[in-house]
Amino acid sequence: MDPFEHASIPTLAYLAISNEPTWGGALALILGALFPDLDAFCREHRSYLHSLLFALPVFFLAYLPGNPYALLFSLGWLSHLFLDFFTGVIPPVYPLSRRGWGISITARGGPSGAGLSIRIIEHYPDPRHEYRIEVGGSVALAILAITALIIRLH
Ligand SMILES: [Zn+2]
């Protein structure tokens with residue numbers, strides 16, 4: 001999943017769920033949602049910052065003092081792991097184990113009918129490499145999220 005999707009999806013959820021969304025809250029959420037992909041600069045992508053061993057303690061630490069920005073940052077972080085779970089694997093206890101899990105959902109359709117395939121996938125984090133990804137649809141989603149932010153928060 002690319003950064004536009006990671007930022008846009010939780011932002012739209014925040015705008016839909018929050019009674020009083022703010023620019024600061026949206027910024028904290030977006031920064032948290034993008035933060036785990038700093039792993040891309042480590043030896044392995046989807047490693048330390050994609051591990052629940054780091055994300056969950058940060059969430060509980062952020063939840064206790066009641067700082068809304070820290071909580072939104074950690075919720076953005078957890079949303080990143082949730083979304084990555086559906087587009088590859090996350091290693092839940094990295095570095096204790098490098099093994100990761102995810103869900104692969106494939107839809108097909110055509111003259112012979114339609115179907116949906118759901119399967120659990122398991123492998124190790126990808127080694128660091130250069131990324132080249134098509135982001136056209138994600139930019140459209142980001143424009144929608146920015147428009148919703150402007151309409152809801154002006
Ligand atoms: Zn990621």
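Tell me, what % of the accessible area of segment 22-154 is carbon and sulfur with a 1.4 angstrom probe?
70 percent
With only Lys, Arg, Asp and Glu charged, each at its Cβ (+1 for the first two, -1 for the last two), find how big the charge dipole of the chain is about the Cα centre; round to the nearest 20 debye.
Dipole of the chain, to the nearest 20 debye: 240 debye.
Just the number please: accessible area per residue for segment 38-99, 1.4 Å probe, all protein chains included, in Å².
53 Å²
With the contact rule set at Cα under 8 Å and sequence spacing of 6 or more, what percent relative contact order holds for segment 3-153? Write down the numbers at each step before the final one.
Details: 243 pairs, mean separation 40.0, N = 151.
The value is 26 percent.
What are the DSSP H helices in the chain that stretch 24 Å or more along their long axis, judged by alpha-carbon atoms, and whose average Kyte-Doolittle hydropathy comes to at least 0.5? Write out the running numbers ahead of the final one.
Details: long enough: 68-85 (25 Å, 1.14); 136-153 (26 Å, 2.10).
In the chain, the long hydrophobic H runs are 68-85, 136-153.
Among A62, T87, N19, whose Cα sits farthest toward the positive end of the charge dipole of segment 3-153 (+1 at Cβ of Lys/Arg, -1 at Cβ of Asp/Glu, about the Cα centre)?
T87
Would you mind getting me the FRET efficiency between R108 and W23? Use the beta-carbon distance for r and R0 = 30 Å, nearest 0.05.
Calculated value: 0.10.
At 1.4 Å probe size, with every protein chain present, just tell me what the per residue accessible area of segment 112-151 comes to in Å².
Details: 3180 Å² over 40 residues.
For segment 112-151, the solvent-accessible area averages 80 Å² per residue.
Looking at the chain as a GNM with Cα springs under 10 Å, which of G76, G110, G66 has the largest mean-square fluctuation?
Between G76, G110, G66, it is G110 that shows the largest mean-square fluctuation.
Got a sec? Charge dipole of segment 34-154, +1 on Cβ for Lys and Arg, -1 for Asp and Glu; which of A142, F41, I120 is way out at the positive end?
Result: I120.
Under a GNM of the chain (C-alpha, springs under 10 Å), which listed residue has the highest mean-square fluctuation: I90, I17, I120?
In this elastic network of the chain, the residue with the biggest mean-square fluctuation among I90, I17, I120 is I17.
In segment 89-154, which trypsin sites (Lys or Arg not before Pro) fall in coil by DSSP and have 13 or fewer other Cβ atoms within 10 Å?
R132
Suppose every Lys and Arg Cβ carries +1 and every Asp and Glu Cβ carries -1, with no other charges. What dipole size does segment 31-121 come out with about its Cα centre, to the nearest 20 debye?
About 280 debye.
Could you tell me the center-to-center distance, by alpha carbons, between segment 51-111 and segment 1-36 in angstrom?
14 Å
What nm distance separates the two modelled labels at A16 and Y124, each placed 7 Å from Cα along Cα→Cβ?
Between A16 and Y124, the simple spin-label model gives 3.8 nm.
Considering all alpha-carbon pairs of segment 3-153, what whole percent are spaced by more than 19 angstrom?
I get 59 percent for the Cα pairs in segment 3-153 exceeding 19 Å.
Taking amide H atoms as placed 1.01 Å from N in the peptide plane, list the residues 5 or more away in sequence, or in a different chain, whose amide H sits under 5 Å from that of G100.
H123, Y124
Summing -39500 (n - 2.57) over the DSSP H runs of n ≥ 4 in the chain and dividing by its residue number, what mean residue ellipticity at 222 nm do you reach, to the nearest 500 deg cm²/dmol?
Counting only the DSSP helices, I get -16000 deg cm²/dmol.
Have a look at A62, A16, A33 and tell me which one the Gaussian network model of the chain (Cα, springs below 10 Å) gives the largest fluctuation.
Looking only at A62, A16, A33, the biggest GNM fluctuation is shown by A16.
The values are calculated or read from the model by the stated rules, or taken from the named source; none is laboratory data. Quantities reported herein were computed from a predicted structural model and do not represent experimental measurements. Note that we place each Cβ from the backbone using ideal geometry, even for glycine, and neighbour counts take in every protein chain shown. These area figures cover heavy atoms from the full protein model, side chains too; ligands, DNA and RNA do not enter into them. Shrake-Rupley method; radii C 1.70, N 1.55, O 1.52, S 1.80 Å.
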